[in-house]
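S.K.: So that we are looking at the same thing, I have put the structure below in structure tokens.
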Amino acid sequence: MISKTPLRIRVRRMDYDMSGLRRYWYNDNAWITHFLNALSTTFPDGERFFIHSVRNFEQQIRDPELQAQIRAFIGQEANHGKEHEAFNQALIDQHGLPLESKLKFMKNALAWAKKRWSPREQLAMTAGFEHFTAILANLLLERKDAIADIAGVYSDMFLWHAVEETEHKAVAFDLYQAVDGDYWLRVKSMALATFFFMLVTLRMQYSLLKHDNQLGNWRDALGFAKFMLVKPGFLTRIIPQYLDYYRPGFHPWQHDNRHLIDPHIAALAAHELHAVKAA
Ligand SMILES: [Fe+2]
Ligand SMILES: [Fe+2]
């Protein structure tokens, strides 16, 4: 059974064209689109928080392999933040979505977390959030119908993010195990991370739907329920892997899903910044 990262983590600098964004870019469904918009709103500052919490302990690591993985983790998350920032700005500029207050809320909430929680608690939270993103990424990669419903270039962007979340899924976890490894803090932090993640995302989705006057759109609400529960089962299908995290001997690579990212690696090169510049 694999108990460490079995691949080389590669940092790719991407440059997605955010113009011509459809208002309801996920299958023309307002409820699903705003759920994913809410997720994207949490990403840039969330990812900066992950980087910060990993940096707090980076110097303690002597294993060159893990050191290199940490550097790659930081590089990947920084690029995710940059692209999702551009995506969020496109939602503001092209559709007038009121994201500024939500982005500010994220900034303030995470500044509060940095003051309130100890570095080890912050790292344990990051390891938990990273498992969350890894299992959501796995679902996007596994269920081709989920990606197919995303319009245009955004499917490429979400796919890229999913591939890299898979590549680095064990880095924060391995760092946590190396510098602390306390089981109870790990699982307690996952429970807290889940609570905050659901609360913040659903609250933002509600607010965006209200802004667009779409709360009463029952057709899209039913579509969202189907998306969460049945096809692709954004909530239901991740439950077994989510619960895995609470096992004492858990490691993210016990679920080896390299075969899901292998077919996408070459295609990603087409969007890399150096490739765009060289063209
Ligand atoms: Fe990320
Ligand atoms: Fe990540």
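The values are calculated or read from the model by the stated rules, or taken from the named source; none is laboratory data. These numbers were taken from a predicted model, which means no experiment stands behind them. Quick reminder, even Gly has a Cβ in these numbers, built from the backbone with ideal geometry, and neighbours come from all protein chains shown. When the accessible area is computed, the model is the full protein with side chains, heavy atoms only, and any ligands, DNA or RNA have been set aside. Shrake-Rupley method; radii C 1.70, N 1.55, O 1.52, S 1.80 Å.
S.K.: Looking at the range 218-273 only, could you name the residues that are closer than 14 Å to A137 by Cα, among the aliphatic types (A, V, I, L, M) and in a helix (DSSP H, G or I)?
M.R.: Within the range 218-273, I238, I239, L260, I261 qualify.
S.K.: Let me ask something else about it. Considering D212, D244, D180, which residue is more than 23 Å from the chain's Cα centre (by Cα), at pLDDT 95 or above and not β-branched (V, I, T)?
M.R.: Unique residue meeting the criteria: D212.
S.K.: Sort through R55, R8 and tell me the only one that's over 25 Å from R203 (Cα atoms) and at pLDDT below 95.
M.R.: On inspection, the qualifying residue turns out to be R8.
S.K.: Taking F196, is it at pLDDT below 95, in a helix (DSSP H, G or I) and either under 17 Å from Y242 (Cβ atoms) or not hydrophobic (A, V, I, L, M, F, W, C) (or both)?
M.R.: When the stated conditions are applied, F196 passes them.
S.K.: Hey, another quick one. Looking at F105, F173, which is the one that is of a type in the set (F, W, Y) and open to solvent by 20 Å² or more (accessible area, probe 1.4 Å)?
M.R.: F105
S.K.: Quick check on this structure: which one of A137, A146 is in a helix (DSSP H, G or I), within 12 Å of ligand 2 (Cβ to nearest atom) and surrounded by 16 or more Cβ atoms within 10 Å (Cβ to Cβ)?
M.R.: Result of the check over A137, A146: A137.
S.K.: Can you spot a residue in the range 6-20 that is assigned to a loop (DSSP other than H, G, I, E, B), basic (K, R) and open to solvent by less than 20 Å² (accessible area, probe 1.4 Å)?
M.R.: Yes, the range 6-20 contains a residue that is assigned to a loop (DSSP other than H, G, I, E, B), basic (K, R) and open to solvent by less than 20 Å² (accessible area, probe 1.4 Å).
S.K.: Report the residue count in the range 58-82 for those that are away from ligand 2 (no atom under 14 Å from the Cβ), open to solvent by less than 50 Å² (accessible area, probe 1.4 Å) and of a type in the set (D, E, K, R).
M.R.: Adding up the residues that qualify gives 1.
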